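See below for the structure under consideration.
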Amino acid sequence: MLTGKVQRRPRGDLARVLVVDDEADIRELLDLTVARMGLLADCAATVAEARKFLEQQRYQLCLTDMRLPDGDGLAIVRLIAESYGETPVAVITAFGTTQNAVAALKAGAFDYLAKPVALEQLRSLIKSALNLPRRSGGTGDGEGSEAATRLIGTSPAIIHVREMIDKLARSQAPVYISGESGTGKELAARLIHDQSARRSAPFVPVNCGAIPENLMESEFFGYRKGAFTGADSDRPGFFQAAQGGTLFLDEVADLPLGMQVKLLRAIQEKKVRQVGSTVEEPVDLRIISATHHQLRDCVDAGSFRQDLYYRVNVIELRMPPLRERREDIASLAESMLVRLCGPQPPRLDPEAARMLNDYSFPGNVRELENILERATALCSGQTVVVDDLQLAPATAVRDSLGREGETLDDYINRIEKQAILEALTKTEFNRTAAARLLGVSFRSLRYRIERLGIEE
């Protein structure tokens, strides 16, 4: 094989891969693997040679080593991200140097492989990279996705979220989605999956806080027949169900420490062992996690492992609360009313619209939908009025922050506490009913009660 000079291959519709590695045997292995997949490969031994190839040829994928004679793979990752954004790039790193892989993913790499290169993983990576959809123009609107139609708005905060989703969809990096309950964390995860190379494979959402601790290992990794009493047949777990696709770990902070150790190993090794089995099975999936907790605080408190934190939080996507994107409330309400009532929905009375715009929304977008669902059931005719919303005036945000010297956070906490107390009083302190009234999950209400120090 030649390097340093563009190899003129026969033209055609075959995809082309750029291989960058200073070891001749690795270049030969990669070139041979690519050729057997019916693809074309150009090979370079240095950053300079790779740059020349990129200037003269369009590639559908770049595979680059991390250590090169005149630089490192990160330089190629950054170059491609800046100038050849349509080309996914994967890095090959020495076994055990996961910090290099994480750095590459944060710099914009599509994925990484550890040496010695496993051919099965290499072929899977190449197929995923070639299956990436074309960019939607950089806006991340994803008009072809049903989920995208619900992630609407024109505020800077939500525009940034859509742009981030567009970028994250073109990567295999683990993503951590942070944000309060009801901000649309699962919606964002589905959108990342729907726009990714894994879109034709399953999206498997898992509520980590809803699984009994004694069943977690068998639920996540599956079990073999006879592994325990009641195991009458083999059963796959969440990892096997998400094979080729995306596993969404919602409320990941609720995982017990023992399960966190097992999850960390599964993510690092890309293998799982079913309960009752003696062999590990390879899995190919992407991990997206989320929680309404501050995960960094959980690490500091010792309830979440630091090593797992760095594995799931390679890239963070923050979902903004609705109070930070008030300009989107009107368009969200309009879209929700159509979804709830059909093409001729009731309209919001100006006073009702003003009250919604001034409301603090402790339950965020989910609460807005619950309020409108209740209002459409109560309204008479084709107009939703203030009384139909059933919002307590005390929970509306006023022009003044309230008490003299009170900060915005203090004000929001006071209003949120007052809203929760009112809901608890109305439901005779039935937490489940109060959570339903507030438009939040039971778990979210319990967390807020503890955080705000509410005594029942």
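Before moving on, here are some points about what is shown:
- Enumeration of residues in region 360-379 that are hydroxyl-bearing (Ser, Thr, Tyr) and either over 20 Å from residue 414 (Cα atoms) or crowded, with 24+ Cβ neighbours inside 10 Å (or both): 376
- Residue list for region 238-270, filter: part of a strand (DSSP E or B) and β-branched (Val, Ile, Thr): 246
- Condition check for residue 299 on (1) part of a loop (DSSP other than H, G, I, E, B); (2) without any contact (Cβ under 8 Å) to a residue 40 or more places away in the chain; (3) open to solvent by less than 50 Å² (accessible area, probe 1.4 Å): one failure, at (1).
- Test: residue in region 313-323 that is outside any helix (DSSP H, G or I), free of Cβ contacts under 8 Å to residues at least 60 places away in the same chain, open to solvent by less than 60 Å² (accessible area, probe 1.4 Å) and not acidic (Asp, Glu): no
- Residues that are crowded, with 22+ Cβ neighbours inside 10 Å, part of a helix (DSSP H, G or I) and modelled with pLDDT of 85 or more do occur in region 163-174.
- Residue selected from region 250-271 under the condition in contact with a Phe, Trp or Tyr (Cβ under 9 Å, 6 or more places away or on another chain) and within 28 Å of residue 113 (Cβ to Cβ), by the criterion surrounded by the fewest Cβ atoms within 10 Å (Cβ to Cβ): 262
- Selection within region 88-114: residues that are in a loop (DSSP other than H, G, I, E, B) and without any contact (Cβ under 8 Å) to a residue 60 or more places away in the chain. The member of this set that is surrounded by the most Cβ atoms within 10 Å (Cβ to Cβ) is 97.
- Region 380-424: number of residues that are in a helix (DSSP H, G or I), open to solvent by 70 Å² or more (accessible area, probe 1.4 Å), under 22 Å from residue 354 (Cα atoms) and modelled with pLDDT of 75 or more: 1
The values are calculated or read from the model by the stated rules, or taken from the named source; none is laboratory data. In this text the structure is predicted, and so the values were computed from the model without any measurement. Positions of Cβ are backbone-derived with ideal geometry, glycine not excepted, and every protein chain shown enters the neighbour counts. Calculation scope for accessible area: heavy atoms of the full protein, side chains included, ligands and nucleic acids excluded. Shrake-Rupley method; radii C 1.70, N 1.55, O 1.52, S 1.80 Å.
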